[in-house]
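The values are calculated or read from the model by the stated rules, or taken from the named source; none is laboratory data. Keep in mind the model is a prediction, meaning the values are calculated, not measured. Please note: Cβ atoms are built from the backbone with ideal geometry, for glycine as well, and neighbour counts cover all protein chains shown. Surface areas here come from the heavy atoms of the whole protein model, side chains and all, with no ligands, DNA or RNA. Shrake-Rupley method; radii C 1.70, N 1.55, O 1.52, S 1.80 Å.
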Amino acid sequence: MTAMLPAPAPKRTRVITVVALLGLAVLLVFGPLDQASVIERLFATSLLLSSILLVVFVTGRFAFALVLPTLIFGGLQVASVLKFHYLTTPLLAPDLVYFVNRDLLEVATRYPSIMTAILGGTILIPGLMILAWRLDHPHAFASERHRPHRHWLRIAGAITSIALLFAIDSPSGPFGAVFEKGMWQAMNDRSYLVNFFTSFYQTEIKIPPPAADADLTLTWAQPATDNPPACGAHDCLAGKSLTIAQDHPDIVSVLEESTFDPATLKMCTSALCKRKMFQPDGRTRAHGPLVVHVWGGGTWTSEFALLSGLSHSTFGDAGLYAPYNLAPRISHSLPHVLHDAGYRVIAIYPMSGNFINARNAYKFYGFDEFYDGQDYGLSWESSDNDLIQVFNQIYDKEKKAIGKQPLFVMMLTLRQHGPHMTPLKQLPPPFNQPLFPGTFKKKEFDDWINLNLGNYLYRLAGSDAAMTLLEKKLLDGGRPALLFHFGDHQPSFDGAIREVPKIAPPAARDPNFVTYYMLKTNYKPAREYSYPTLDLSLAGALILDIAGVKKDAFFQANALLRERCQGAYVDCMNKPLVDAYHRFIFQQTGDLHE
């Protein structure tokens, strides 16, 4: 007896299958086969094919099994390319937990391509999935005459496919080598699919374990003469211009978004590259190159570094999400120490406090008040001068309410945030034409750098003028005051900034992670400080020392590390010293709790 052959698939199913195969071929070329190394290409291709197998066994629809993984993998590829292009970091698994919210929409409104991709994906991906489902016919196992056999075959196939997926996407699996690169390499090598799927294992906070080579002979408690540095309050805070006595100075810390000294670029030699905000004067107590822990983006990690005295990179790849997973766990912070000294602690944020969990993070850091920039009309386009006007309102209101109680203010600028792509002809002279034409041989690159650097220098002129106004407000006033401003990271210029030759401080390992810092007071402190470079994580204790504020056990150790390694932390070459420091702050002070 001749076995019955399955009926041929309907024409519509054959058509959607051909279209799905073409789509899969395009994805393979621009996705899995475009990864950085051979093993990564094999890894991504294996994941894709295993996903197709799983959907085939679960649904029995071959065309739909091609379409669904193709859309998912293709969507991840497009999203990661766009995120890397505009925000300098690829799409990673933790983004799905931390960034798929209002923050994403706020960023998308700044970048039309991202908004178009979000809207297009929201409509097209579900629409194509529904279309493929309706056009396909469940015939993948139609040749199996006995229904129970088909049923168990599909169950066994689905289980096997799931096991295969877990084995492939496991550090202990056959592709374990792709999991060994660090977060920084993953954020820059453009193996987008590989980096997304391997990042599922990069969400765990890792506290540095006790190291065998730690120098256990070191003590991490300062003598009383260094905590704070010895100086009678009358001598330190005395000054002819000071008419209002306070136990401690008001402290204002300004995070300058995407700001660095352009004079460190070898090509930037004109007068437009030299700004007063980077130049020391008679009221400067410390200044110079600042080592930060990100470049091109990640402002929130620089906020974390200053306020916690820690580097997010210390905690492994998951540290990149510090406002969500580290801020709630720190036991010591600059605001907490200032509170103990009698300060009121406030933050002025230039945008919505919901952005990157800012409002909640600042509460964990220990702030008394969080001023949301949107309540004062601030936005992405607000100039530094707009921010200073808001600061003046809030500062005057706060001081009227608290009188001689010292005040700490943390505020952030926003105008220098990328992109720096306003056509030069729309800028005022002299920024309305290329400032450094012919610097680079490749015209396209030369035009791109001149466009971005012209925008940067134009905005920097506004930052410089605003900082002059802020200095006058604080340092020419009758109260003792300390002003600290710094660059949170270099701008990206869509990655091109890394290709521009720089004048690098010898103490810095990577010139792309160097910005600037400036600390001024209108009184004479007990000491002044100078370092080849200063790590941002060590700036908090420096502020406390110059303000004459007593430090807790953590910040005493922080100050001792600063002096013992000449301002370095992540770049400190004395590994036993850093290991001993980590042992003390994590094992003895318990700086990170559950």
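Here are the numbers for the structure shown:
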{"read-out": "Test: residue in the stretch 579-592 that is within 19 Å of H332 (Cβ to Cβ), outside any strand (DSSP E or B) and of a type in the set (G, A, S)", "value": "yes"}
{"read-out": "One residue from P126, P138 being at pLDDT 70 or above, in a loop (DSSP other than H, G, I, E, B) and either more than 30 Å from I205 (Cβ to Cβ) or of a type in the set (K, R) (or both)", "value": "P138"}
{"read-out": "Residue in the stretch 436-447 that is in a helix (DSSP H, G or I), open to solvent by 60 Å² or more (accessible area, probe 1.4 Å) and touching a residue at least 60 places away in the same chain (Cβ under 8 Å) present", "value": "no"}
{"read-out": "Residue under evaluation T468, criteria (1) more than 30 Å from G403 (Cα to Cα); (2) open to solvent by 40 Å² or more (accessible area, probe 1.4 Å), criterion not met", "value": "(1)"}
{"read-out": "Residue among S530, S537 that alone is small (G, A, S) and assigned to a helix (DSSP H, G or I)", "value": "S537"}
{"read-out": "Neighbours by Cβ (under 7 Å, 6+ apart or cross-chain): first from the stretch 369-389, closer than 19 Å to I356 by Cα; second assigned to a helix (DSSP H, G or I) and open to solvent by 30 Å² or more (accessible area, probe 1.4 Å)", "value": "F370/R359; L378/D386"}
{"read-out": "Residue within the stretch 300-314 that is touching a residue at least 12 places away in the same chain (Cβ under 8 Å), of a type in the set (D, E) and surrounded by fewer than 23 Cβ atoms within 10 Å (Cβ to Cβ) present", "value": "no"}
{"read-out": "Hits in the stretch 250-282 - residues which are more than 28 Å from W300 (Cα to Cα) and either outside any loop (DSSP other than H, G, I, E, B) or in contact (Cβ under 8 Å) with a residue 12 or more places away in the chain (or both)", "value": "K266, M267, C268, S270, A271, L272, D281"}
{"read-out": "Only one of A547, A568 that is open to solvent by 10 Å² or more (accessible area, probe 1.4 Å) and closer than 25 Å to T299 by Cβ", "value": "A568"}
{"read-out": "The stretch 467-484 residues that are closer than 16 Å to Q389 by Cα, paired with ones that are basic (K, R) (beta carbon under 8 Å, 6 or more apart)", "value": "M467/K276; T468/K276; E471/K520"}
{"read-out": "Filter result for D552 (modelled with pLDDT of 95 or more, of a type in the set (D, E) and open to solvent by 10 Å² or more (accessible area, probe 1.4 Å))", "value": "yes"}
{"read-out": "Number of positions in the stretch 385-436 that are over 30 Å from the mean Cα position of the chain (by Cα) and either modelled with pLDDT under 95 or over 24 Å from L272 (Cα atoms) (or both)", "value": "11"}
{"read-out": "Residues located in the stretch 352-386, provided they are hydrophobic (A, V, I, L, M, F, W, C), under 30 Å from Y458 (Cα atoms) and open to solvent by less than 10 Å² (accessible area, probe 1.4 Å)", "value": "A358"}
{"read-out": "Close pairs (6 angstrom Cβ cut-off, 6 or more residues apart or separate chains): closer than 16 Å to Q556 by Cα in the stretch 330-347, open to solvent by 50 Å² or more (accessible area, probe 1.4 Å) anywhere", "value": "S331/H593"}
{"read-out": "One residue from K266, K274 being open to solvent by 20 Å² or more (accessible area, probe 1.4 Å), at pLDDT 95 or above and touching a Lys or Arg at 6+ places or on another chain (Cβ under 8 Å)", "value": "K266"}
{"read-out": "When residues of the stretch 472-502 are limited to those that are part of a helix (DSSP H, G or I) and either at pLDDT below 95 or open to solvent by less than 10 Å² (accessible area, probe 1.4 Å) (or both), the one nearest to Y395 (Cα to Cα)", "value": "L474"}
{"read-out": "Filtered residues of the stretch 283-297 (kept if farther than 15 Å from S537 by Cα and in a loop (DSSP other than H, G, I, E, B))", "value": "R283, W295, G296, G297"}
{"read-out": "Enumeration of residues in the stretch 165-194 that are at pLDDT 80 or above, open to solvent by 80 Å² or more (accessible area, probe 1.4 Å) and assigned to a helix (DSSP H, G or I)", "value": "F166"}
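Rundown of residues vs (1) of a type outside the set (A, V, I, L, M, F, W, C); (2) modelled with pLDDT of 90 or more; (3) in contact with a His (Cβ under 6 Å, 6 or more places away or on another chain), yes/no style:
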| position | (1), (2), (3) |
| --- | --- |
| A25 | no, yes, no |
| G31 | yes, no, no |
| V38 | no, yes, no |
| R41 | yes, yes, no |
| S50 | yes, yes, no |
| T59 | yes, no, no |
| L68 | no, yes, no |
| L71 | no, yes, no |
